[in-house]
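Have a look at the structure below before the remarks.
The values are calculated or read from the model by the stated rules, or taken from the named source; none is laboratory data. These numbers were taken from a predicted model, which means no experiment stands behind them. Glycine also receives a Cβ, built like all others from the backbone with ideal geometry; neighbour counts cover every protein chain displayed.
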Amino acid sequence: MRVITDWHLHSRFSRACSAELTLKNNALWCEKKGVNVLGTADFTHPVWFREIEEQLEETEQGLFRLRSGMYPKMRYMLTAEVSQIYKRGGKVRRIHNIILAPSLEAVRKINKWLDNNGANRKSDGRPILGFDSEELYKVFKSLDDNIVMIPAHAWTPWFSVFGSKSGFDSIEECFGEMTPYIYAVETGLSSDPLMNRQLKQLDSVMLISNSDAHSPRNFGREANVFEIEPEKFSYNEFMRILKEKDTAAFKYTIEFFPQEGKYYLDGHAPCGFSCEPEETRRLKGRCPKCGGVITVGVLSRINDLADRPNKVLPKNSVPYKSIVPLQEIIAESLGVASTSSVKVQAMYEKMISEVGNEFHILLDCPISLITVSSTPSISQAIERMRLGQVNITSGYDGVFGKVKIFTAAEKALRKKLS
């Protein structure tokens with residue numbers, strides 16, 4: 001059976017996150033999106049973990065559903081993200097890691113250890129810890145050998161394993177003796193698998209993609225697609241697939257167009273300036289408008305560490321498909337500025353009701369059927385997206401890029417004819 005997972009997101013107890021993030025509401029949005037297994041997120045937060053214990057029940061090993069019986073096919077996996085700030089190799093490191101846990105008991109052990117070692121779990125759903133990544137992973141493995149750590153959004157400049165501001169040049173530099181237990185790396189919104197596969201050092205890991213969503217509406221903007229036999233559906237099976245690099249079971253990832261990510265290019269947001277890596281070098285890393293330091297983005301950082309051409313995925317790599325979220329497609333097709341507009345939301349709910357979930361619409365459904373339940377422009381936009389026929393203004397220094405499917409001339413003509 002096809003299983004779509006999104007393991008990295010946040011709860012309403014993380015900073016700058018939506019109050020709509022409840023376990024019940026999350027399940028509702030997974031039904032709309034087509035996400036089958038969602039991370040719980042933030043299991044280190046005391047109040048949120050209490051809600052997890054009270055509202056979820058284990059169905060398959062390491063997988064949970066709502067006790068209420070609502071949305072019975074959707075499953076949760078126990079996940080969290082931790083922010084670590086520590087010194088290593090004479091430098092201050094700022095790293096984010098995803099933690100996957102096999103059971104409630106394993107989470108209780110993690111939380112107890114954090115409490116005993118001075119962590120403030122109440123302050124944020126994504127706690128800030130002063131522990132070295134290698135040493136923290138050793139602790140987690142000693143608590144339960146089935147706990148898995150995955151570097152989060154690996155290329156983000158400020159908080160990631162390869163980040164230009166405070167990261168490392170290799171996984172081994174960061175994780176030392178625990179490197180063999182790094183089974184996967186999260187590519188993040190500003191890179192895709194083709195970019196990551198320029199590094200031969202990443203041949204030893206699988207590349208996963210998750211939404212890092214701060215609101216339910218963003219679930220699945222990046223995700224992972226597996227083919228799993230129903231009788232093997234479990235936490236351990238997902239971890240086996242990652243550990244053994246089972247490309248027969250891991251079918252593909254669902255990706256942002258990386259240029260849309262907010263750290264794709266180099267740039268200086270206060271001045272509205274962005275540039276390609278070659279220009280950054282020519283400018284000696286300084287903004288030409290104010291002289292401030294340019295934030296080196298993902299494209300530059302990957303180019304610096306690359307030892308393989310950016311042409312094709314190496315053999316035995318998991319393929320990927322790039323998407324534009326359905327609400328963004330609807331908004332552009334209808335000529336509406338905001339995805340939250342009544343007009344966009346009405347069309348979104350109509351399409352979900354009549355055609356199927358968002359992933360079915362974006363990836364699988366025949367275009368002719370989409371046209372019947374929407375408009376010719378929406379179905380044309382989805383067809384172009386599937387072919388990669390999009391126009392992108394790249395993101396930089398915390399500013400999201402913009403993906404457009406129709407040209408300005410096409411929009412003007414449509415407006416004239418309407």
By my count, strands (runs of 3 or more DSSP E) wholly in region 147-217 with at least 2 residues that are within 18 Å of residue 316 (Cα to Cα) and at pLDDT below 95 are none
Leading residue by the ranking (surrounded by the most Cβ atoms within 10 Å (Cβ to Cβ)) among those in region 67-99 that are in contact with an Asp or Glu (Cβ under 6 Å, 6 or more places away or on another chain) and over 22 Å from residue 133 (Cα atoms): 71
Sort out which residues of region 145-186 are out of contact with any helix residue (DSSP H, G or I) (no Cβ under 7 Å at 6 or more places or on another chain) and of a type in the set (A, V, I, L, M, F, W, C), and write them in order of number. 150, 152, 154, 158, 159
Assess whether residue 229 counts as being farther than 22 Å from residue 315 by Cβ, charged (D, E, K, R) and buried (at least 20 other Cβ atoms within 10 Å of the Cβ). no
Just one listed residue, out of 170, 166, 160, 191, is in the same structural domain as residue 212 (by TED's automatic domain parsing), in contact (Cβ under 8 Å) with a residue 12 or more places away in the chain and within 15 Å of residue 204 (Cα to Cα), and it is 170
If residue 337 satisfies all but one of (1) surrounded by fewer than 16 Cβ atoms within 10 Å (Cβ to Cβ); (2) in contact with a helix residue (DSSP H, G or I) (Cβ under 9 Å, 6 or more places away or on another chain); (3) over 22 Å from residue 255 (Cβ atoms); (4) not assigned by TED's automatic domain parsing to the domain that holds residue 400, what's the number of the condition it fails? (4)
Count of residues meeting criterion [closer than 30 Å to residue 206 by Cβ and not polar (S, T, N, Q)] in region 319-375: 18
Which of the strands (runs of 3 or more DSSP E) contained wholly in region 37-130 include at least 3 residues that are polar (S, T, N, Q) and farther than 24 Å from residue 175 by Cβ? none
Could you check how many residues of region 237-275 are closer than 20 Å to residue 193 by Cα, part of a loop (DSSP other than H, G, I, E, B) and modelled with pLDDT of 95 or more? 10
Sort out which residues of region 111-136 are closer than 22 Å to residue 202 by Cβ and either under 21 Å from the mean Cα position of the chain (by Cα) or aliphatic (A, V, I, L, M) (or both), and write them in order of number. 133, 136
In region 123-161, how many residues are hydrophobic (A, V, I, L, M, F, W, C), touching a Pro at 6+ places or on another chain (Cβ under 8 Å) and under 23 Å from residue 195 (Cβ atoms)? 1
Given the criterion within 17 Å of the chain's Cα centre (by Cα) and not small (Gly, Ala, Ser), identify the matching residue among 143, 194, 202. 194
